[in-house]
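To start, the structure itself, in structure tokens.
The values are calculated or read from the model by the stated rules, or taken from the named source; none is laboratory data. Since the model is a prediction, treat every value here as computed from it, not as a measurement. Here the Cβ is made from the backbone with ideal geometry for all residues, glycine too, and neighbour counts use every protein chain on show.
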Amino acid sequence: MSPFVFGSGAPWAESVALPTDSRGFLRRECPTCHRLFKVRGTKLEGHLVFKRLSARVAHANPHEADWPEGVRHCPYCGVTAPDDRWFTAEQRAFLDKRAETFGREIRYEQLAQIERTLAVNPRPTFVAVRPERSCARLSAEPDDMRAVPLFCCREEIKVLESWLGAVRCFLCGTEHELGAALLRERLARVLT
């Protein structure tokens with residue numbers, strides 16, 4: 001057994017990331033209107049994943065997960081909400097399941113330490129049972145939705161193909177009207 005795997009008493013590392021499509025966009029969901037859209041994945045996403053996981057695992061250093069809270073805007077309805085409220089239902093369920101598994105693994109390691117040091121305490125009153133590893137996975141991110149340029153922040157966002165209204169910037173909230181040519185192209189696809 002490798003010394004750096006779960007349950008060996010040694011430190012181990014695991015990567016938890018949200019899937020992106022082939023262009024680096026990841027799915028988001030408005031906490032109010034529940035419409036789906038995609039934003040380009042950044043380092044901020046890693047911090048948000050870490051923040052959600054650490055909020056659900058008991059630990060002695062919560063200050064390490066403290067991250068300044070930013071506000072984002074729904075591209076459809078314009079509602080504003082903190083950064084960590086834009087996970088999809090599937091992403092929230094996945095991250096909560098991983099946090100639950102991490103909590104069990106941490107408890108196991110704490111209890112197994114007694115067994116590893118039996119010379120100090122030869123009569124333990126319990127036996128640590130190794131928890132099963134979670135097999136929860138997020139499905140691959142499909143290459144769907146239509147990319148719309150956001151000139152205000154020099155960024156792009158992907159919105160639903162069926163969306164005909166204005167699109168707001170996820171970062172700053174500036175409203176962008178879809179161009180007339182884009183509307184004609186979409187109507188031509190719908191009518192044919």
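A few notes on this one:
- Subset of the range 31-67 [acidic (Asp, Glu) and either assigned to a loop (DSSP other than H, G, I, E, B) or farther than 27 Å from Met145 by Cβ (or both)]: Glu64, Asp66
- The set of residues in the range 68-88 being in contact with a strand residue (DSSP E or B) (Cβ under 7 Å, 6 or more places away or on another chain) and part of a helix (DSSP H, G or I) consists of Asp83 alone.
- Residue ID - nearest to Leu171 (Cα to Cα), chosen from residues in the range 111-160 that are among the β-branched types (Val, Ile, Thr) and in a loop (DSSP other than H, G, I, E, B): Val129
- So Val148, is it of a type in the set (Val, Ile, Thr) and modelled with pLDDT under 75: no
- Within the range 129-155, tally of residues that are surrounded by 12 or more Cβ atoms within 10 Å (Cβ to Cβ), over 20 Å from Arg23 (Cα atoms) and out of contact with any Ser or Thr (no Cβ under 6 Å at 6 or more places or on another chain): 4
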